[in-house]
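Shown next, in structure tokens, is the structure this report addresses.
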């Protein structure tokens, strides 16, 4: 066979390789394409074998601490420092995250525990909604122990209590109230609509002699079902819901007490209600008067359960209650008058809660008693002559707000455009002069002549001398031979004495001679009843609703009425009636604006100020949030939020997704 020649041709003039050389060349080519693959396969197999060997010696995939301590033998210096730095960053990040979480997610919250002790002036007698309204101490206790259909909120607003919902008929004469489920009496029996009906009828029943009876005259009640009742009014009354704040008493217990014996029942002093607090115990002094009274939290309360228990200690006067506060016997006092503020030894340890109270202090002008007051210009002049702001600042220590009309400035019905009487002595003198009240000067010489004429046989001369001596030296207003003289009275109280003295000085500065006098509370009531005054500095509680019917309608004049100035005006009567029956707030507001314009123009009274109710509590008591009150008991409106102790609660961040 012929030998096949190689196709290989040498380059660059080299000789061709031999047969043996061709074999190795082919082997090299074969290795180049197949050798690394075989080596790679073998390497993978070796790695798997190594892993199995390691896992057979240590089953855990994560090195333990004993193994980790050898890691530095496998790292160089740079790697070791990088590892340390990374570890430090991780620790610092964890620490920072922990601090952030603590301050943002671990919240300080109130926790139950502790007892708050408060000083009250007076003593409890009827802790019973039927009778409690005449005594602040009884009202305080009753508001904590008993529930009502509606109650006061933190700002004095009306909020639901036992009432879950209500509706009003189109004519404004029917109110249907639905009560909540789950309310229990302190003896663990259920509160029902029958309890509400029983309480309402007891108030209305003459035999019970309830102090609330007049408020529901002309109203009837009807049971609809187990959860609904209907109130039927003889006439529409826009402020009717305000009446439904009376406490509800348990029918099963009080039905066992004869109506005529109700004031003598033991339940009046050891009551059972359905409110946030329940009676715990009491202590009496040697005379049998209640000295201390303790209430505990009602664990079955349907609303927000309070954090603290309560203890009340009763004192006969403010001096003794303040002494107890200074000795830390009590942690608060129900009310602190401005005149006693300086007697607190450590004022910085207390919170002085300044609460807006719907009361008006006025100077009532009796036109029937003093003919000079029948002139509107004289009444306006007297209003301009008083420096009311100075009285508020210097005598009341700023614990009052100036009042310009019969409706307070925080009411929806207030008219800011009414005529106002700021201190203006020149305007007062001008008004008096415009109606012929001219200045008549009594000099020292005139006083001497009058003293000589006292023994005169001329009766007219003697009468003139007596009048001159009575008036005394000064520049006095005189008209038709008569001097302008006013008798100004007030209830006996230290700050009242100072205020009427200041009013006297202001009026005498424009030539009006003033005689001042103070009355006991009993005397004041008799004086008001008989209208035996020409000017009376006195305060009235207005209530939550701005309806001033009781104070200004002509039917409310006379001995039994609250229209102390005996003011009668047909236009005012009509406006008050229309506003009272109007269902829409806007309509009421319009009527009351017109009413205020008439009153401030006519000046039957001089509006002085609205007092601030100062409630004092130790700073250890937290959570107080009340701003406006209608009655002193309303300072307790958010008592479920008061607390003495705190704890920490973990709050997890919310997922916004």
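Throughout, read-outs are computed from the coordinates displayed, never taken from laboratory work. Only a predicted model underlies this, so the values are computations on that prediction, with no experimental measurement involved. Positions of Cβ are generated from backbone atoms using ideal geometry, with glycine treated the same way; all protein chains shown enter the neighbour counts.
Subtracting the Cα-Cα distance from 0.36 nm times the residue separation, let me have the gained length for residue 459 to residue 180 in nm, one decimal.
92.4 nm
Quick one: Cα centre-to-centre distance for the stretch 246-278 and the stretch 189-219, in angstrom?
Their Cα centres are 12 Å away from one another.
Classify the stretch 386-444 as rounded, prolate or oblate, taking a ≥ b ≥ c as the square roots of the eigenvalues of its Cα gyration tensor: rounded when a/c is under 1.5, otherwise prolate if a/b is larger than b/c and oblate if not.
oblate
Given a Förster radius of 35 Å and the C-beta distance between residue 650 and residue 627 as r, what FRET efficiency does 1/(1 + (r/R0)^6) yield to the nearest 0.05?
0.60
To the nearest 0.05, what FRET efficiency results for residue 498 and residue 560 with a Förster distance of 22 Å applied to their C-beta separation?
Step by step, r from the Cβ atoms, then E = 0.10.
Given the stretch 111-235 reduced to its alpha-carbon atoms as identical point scatterers, what log10 I(q)/I(0) does the Debye formula return at q = 0.09, 0.10 Å⁻¹?
-0.31, -0.38
Please give the contour-minus-distance gain from residue 435 to residue 327: 0.36 nm per residue of separation, less the Cα-Cα distance, rounded to one decimal in nm.
Contour length minus the Cα-Cα distance gives 32.9 nm.
Checking the a/c ratio against 1.5 first, then a/b against b/c, what shape does the Cα gyration tensor give for the stretch 438-483?
Cα axes put the stretch 438-483 in the oblate bin.
Going by average Cβ neighbours within 10 Å, how do the peptides 239-252, 198-211, 342-355 rank, with the highest at the top?
Top of the packing list down: 239-252, 198-211, 342-355.
Quick one: pull the percentage of alpha-carbon pairs in the chain with a separation above 37 Å.
Of all Cα-Cα distances in the chain, 57 percent exceed 37 Å.
Over the alpha-carbon set of the stretch 114-174, divide Rg by the Kirkwood Rh and report the Rg/Rh ratio to two decimals.
1.10
Once fully extended, how much extra length lies between residue 299 and residue 106, figured as 0.36 nm per residue of separation less the alpha-carbon to alpha-carbon distance?
Here the answer is 66.8 nm.
Counting only helical runs of four or more DSSP H residues, what would the 222 nm mean residue ellipticity of the chain come to if each run contributes -39,500 (n - 2.57) and the total is spread over all its residues?
Here the helix-only value at 222 nm equals -10000 deg cm²/dmol.
Which whole-angstrom value gives the distance between the alpha carbon centres of the stretch 353-393 and the stretch 466-503?
Their Cα centres are 15 Å away from one another.
Sorting 494, 462 on the 10 Å Cβ count, fewest up front, what's the list?
If I rank by nearby Cβ atoms, fewest first, I get 494, 462.
Write down the percent of antiparallel bridges among all DSSP beta bridges whose residues are both part of the chain, to the nearest 5.
The answer is about 75 percent antiparallel.
Using 1/(1 + (r/R0)^6) with R0 = 60 angstrom and r between the beta carbons of residue 585 and residue 93, what's the FRET efficiency to the nearest 0.05?
0.55
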